[in-house]
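Structure first, commentary second.
The values are calculated or read from the model by the stated rules, or taken from the named source; none is laboratory data. As the structure is a prediction and not an experimental result, all values here were calculated from the model. So basically every Cβ, Gly included, is an ideal-geometry build from the backbone, and we count neighbours across all protein chains shown.
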Amino acid sequence: MSIITISRGSLAATEMIAKKVSEKLNCTVVTREDVIEAAEKYGIKETGLGDMSFIDKAPSFWHKISDLRKQYLICFQTALFDFALKGNLVYHGHLAQLLLHKIPFVLRVLLTAPPEFRIKTLMKEKGMTREQATDHIKLVDERRQKWSQFLYGVDWRDPAHYDIVYNLEQMNVDLIADLITDIISRKEYQLNEEAIQTLKNLHLASKAQACLLKSPRTRGSEVKIEADVTTGTLVVSGTVPKMGSSIWESDIKHVLSEVEGVKTIKVIKSVLGYYETITMETL
């Protein structure tokens with residue numbers, strides 16, 4: 001099993017490279033639109049963010065303190081894990097690799113090019129004038145940067161977020177596709193049994209988080225969830241007020257009992273400075 005993410009600025013080469021790599025590896029190409037559609041069952045439509053494009057204006061600052069951003073990311077991540085568990089995957093879009101950072105062996109690729117090359121390419125691809133192409137690139141770069149700050153608090157152009165960067169001015173589409181295929185075929189990027197188990201655990205924990213955020217009863221709960229898919233166990237930890245803690249436990253149990261694959265829920269709660277562990281019965 002192999003996972004590749006390809007990020008880019010405003011050029012169409014990304015789609016071409018993803019297609020060529022998928023043909024070489026006989027794997028699925030997944031886009032942001034595919035993930036958004038798959039995430040509908042987890043409640044992503046309720047956030048209103050899935051309908052927005054990264055070339056749309058990013059939401060204003062006040063959204064950061066709401067649950068919408070968190071819910072969007074959890075729903076998107078869960079659906080992305082759905083695709084990853086089906087087999088080899090090539091995702092092309094913007095910043096998805098940041099949602100896969102806990103999974104080892106993901107190959108994170110960034111495609112880049114100098115401004116002049118991007119301008120000339122857009123003029124050729126889209127029939128734009130130089131002024132139109134220049135303005136478009138500036139707008140796309142600004143808005144993608146604002147989205148990356150809004151969603152993840154990072155600069156998406158920072159090469160530290162990638163394993164390898166390819167310059168489209170110096171390398172053609174076929175060469176880049178061949179290089180990506182060669183790298184991902186090495187044993188260093190093959191998901192072993194331990195990595196696959198990690199992915200499955202993260203997937204179950206992410207599904208549980210999505211359910212908590214979707215339910216009005218638990219939407220405001222600030223909890224951390226760890227999962228063991230082998231035993232079907234969820235370990236939920238969080239801080240709750242002394243008043244109403246029993247209701248909080250009951251709501252958590254009720255909502256998470258609906259998650260497929262969950263058999264046991266363990267709750268570790270912090271109430272006014274002391275810790276208490278409650279093991280809920282096997283479901």
*Restricting attention to the stretch 140-175, and to residues there that are among the small types (G, A, S) and within 22 Å of Y72 (Cα to Cα), which single residue is farthest from the chain's Cα centre (by Cα)?*
G153
*Could you give every pair whose Cβ atoms fall below 6 Å, whose first residue belongs to the stretch 217-234 and is within 12 Å of L202 (Cα to Cα), and whose second residue is among the aliphatic types (A, V, I, L, M) and surrounded by fewer than 19 Cβ atoms within 10 Å (Cβ to Cβ), counting only separations of at least 6 or pairs across chains?*
E226/V235
*Please find, among A84, A13, the residue that is buried (at least 19 other Cβ atoms within 10 Å of the Cβ), modelled with pLDDT under 90 and assigned by TED's automatic domain parsing to the domain that holds D135.*
A13
_Can you tell me how many residues within the stretch 188-213 are buried (at least 19 other Cβ atoms within 10 Å of the Cβ) and either among the small types (G, A, S) or in a helix (DSSP H, G or I) (or both)?_
13
*In the stretch 152-166, is there at least one residue being modelled with pLDDT under 90, part of a helix (DSSP H, G or I), surrounded by 13 or more Cβ atoms within 10 Å (Cβ to Cβ) and not basic (K, R)?*
yes
*asked:* With the requirement that a residue be of a type outside the set (A, V, I, L, M, F, W, C) and part of a loop (DSSP other than H, G, I, E, B), what does the stretch 112-142 give you?
replied: P114, G127, T129
*In the stretch 77-111, what residues are under 26 Å from Q145 (Cβ atoms) and assigned to a loop (DSSP other than H, G, I, E, B)?*
H94, L95, H101, K102, I103
*Subset of the stretch 8-46 (residues that are of a type in the set (G, A, S), part of a helix (DSSP H, G or I) and farther than 12 Å from H92 by Cβ)*: A38, A39
*Matching residues, the stretch 167-187, being of a type in the set (K, R) and not in a helix (DSSP H, G or I)*: R186
*Would you point out the residue of the stretch 36-72, among those that are crowded, with 21+ Cβ neighbours inside 10 Å and at pLDDT 90 or above, that is farthest from I137 (Cα to Cα)?*
Y42
_When you check Q145 against the structure, is it in contact with a Lys or Arg (Cβ under 7 Å, 6 or more places away or on another chain) and part of a helix (DSSP H, G or I), yes or no?_
no
*What number goes with the only condition from (1) over 13 Å from the mean Cα position of the chain (by Cα); (2) under 20 Å from L199 (Cβ atoms); (3) surrounded by fewer than 20 Cβ atoms within 10 Å (Cβ to Cβ) that S22 does not pass?*
(3)
